[in-house]
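Novice: Sharing a structure with you now.
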Amino acid sequence: MTNHGFPGEIDILTEDLLIPSDTPGIELYIRNKRPASMNTFSNEKTIVMVHGATYPVESLYDVKLDGFTFLDYLARHGYDVYAVDVRGYGGSTRPSEMQQPADLNPPLVRTETGVRDFGTAVDFVLKRRNLSKVNILGMSWGGTVAGAYTSRNNDKVNKLSLIAPQWLSSGPFLSIPAARLTRIALSLSAA
């Protein structure tokens, strides 16, 4: 049996938190995992994560595969990790409009709302741990949220990591064979 690169057996402390959002009646769910012995916190060893548009944090980052989760892996490597569900996802409050038929309301949790909720979670972690910056991680649509947040709050971000981020394209994907790319590159370097 492999130890998955874990530095020995480390007890993990898990906290499930609800914090107020910027909207009355909406609370945000945050899962925190860290080494149980950790009592000193730093910008470099603190991560705040956000999910994509399909799955909340628990089913994305905290599902056991081969005996451990991604949050466990990070915590066992000495990180204080926070994973936040934006409103309408996982353990966060569902807006009341979500109880109505979908055709009666426009999309409820757009990127701007996700950025606000994520910012609320980052501010909570900064205050809770008395830090000036944190590491940010976003997957898929969460990469859009994390990137937008970072572009507006770079002073609060130590490092930004994006996993399978969304992208925009103004046209269809252009596929160029590698051999042709090599010829193009060679012709440009000869010019």
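Novice: Looking only at the range 12-190, where both bridge partners belong to it, what percent of the DSSP beta bridges are antiparallel (to the nearest 5)?
Specialist: 50
Novice: A further question on this structure: List the residues whose amide H sits under 5 Å from the amide H of ILE26, counting only those 5 or more places along or on another chain, with H placed 1.01 Å from N in the peptide plane.
Specialist: The answer is SER21.
Novice: Which value in nm describes the separation of the simple spin-label points at HIS77 and GLU97, placed 7 Å from the Cα toward the beta carbon?
Specialist: 3.9
Novice: Between VAL63 and ASN39, how many nm apart are label points set 7 Å from Cα along the C-beta direction?
Specialist: For VAL63 paired with ASN39, the spin-label model returns 3.8 nm.
Novice: Report the per residue volume, in Å³, of the convex hull enclosing the C-alpha atoms of the range 23-113. Could the numbers behind the result be given before it?
Specialist: Details: hull volume 11.7 nm³, N = 91.
Each residue corresponds to 128 Å³ of Cα convex hull volume.
Novice: Let me ask another. ASN105 to ALA53: extension gain in nm, 0.36 nm per residue of separation minus the Cα-Cα distance?
Specialist: Additional length available on full extension: 17.0 nm.
Novice: So, one more: Enumerate the lysines that LYS64 could reach by cross-link, defined here as Cα to Cα under 21 Å, with residues fewer than 8 away along the same chain left out.
Specialist: Hits, sequence-local ones excluded: LYS33.
Novice: Which length gain, in nm to one decimal place, applies between ASP22 and ASN130 when the Cα-Cα distance is subtracted from 0.36 nm times their residue separation?
Specialist: Computed gain between ASP22 and ASN130 is 36.8 nm.
Novice: What are the semi-axes of the equivalent ellipsoid for the range 12-190, taken as the square roots of 5 times the Cα gyration tensor eigenvalues, largest first, in whole Å?
Specialist: After diagonalising the Cα gyration tensor, the semi-axes are 32, 24, 16 Å.
Novice: Using the crude model of +1 on Lys and Arg Cβ and -1 on Asp and Glu Cβ, and no other charge, please compute the dipole size for the range 12-190 relative to its Cα centre, in debye to 20. Kindly include the intermediate steps, with their values, before the conclusion.
Specialist: Working: 19 positive and 17 negative charges, 134 e Å.
I would put it at about 640 debye.
Each reported figure results from applying straightforward, stated rules to the coordinates on display, with no laboratory input. If you're wondering where the values come from, they're calculated on a predicted model, not measured in any experiment. Because the Cβ atoms are built from the backbone with ideal geometry, glycine has one as well, and the counts that use them run over all protein chains shown.
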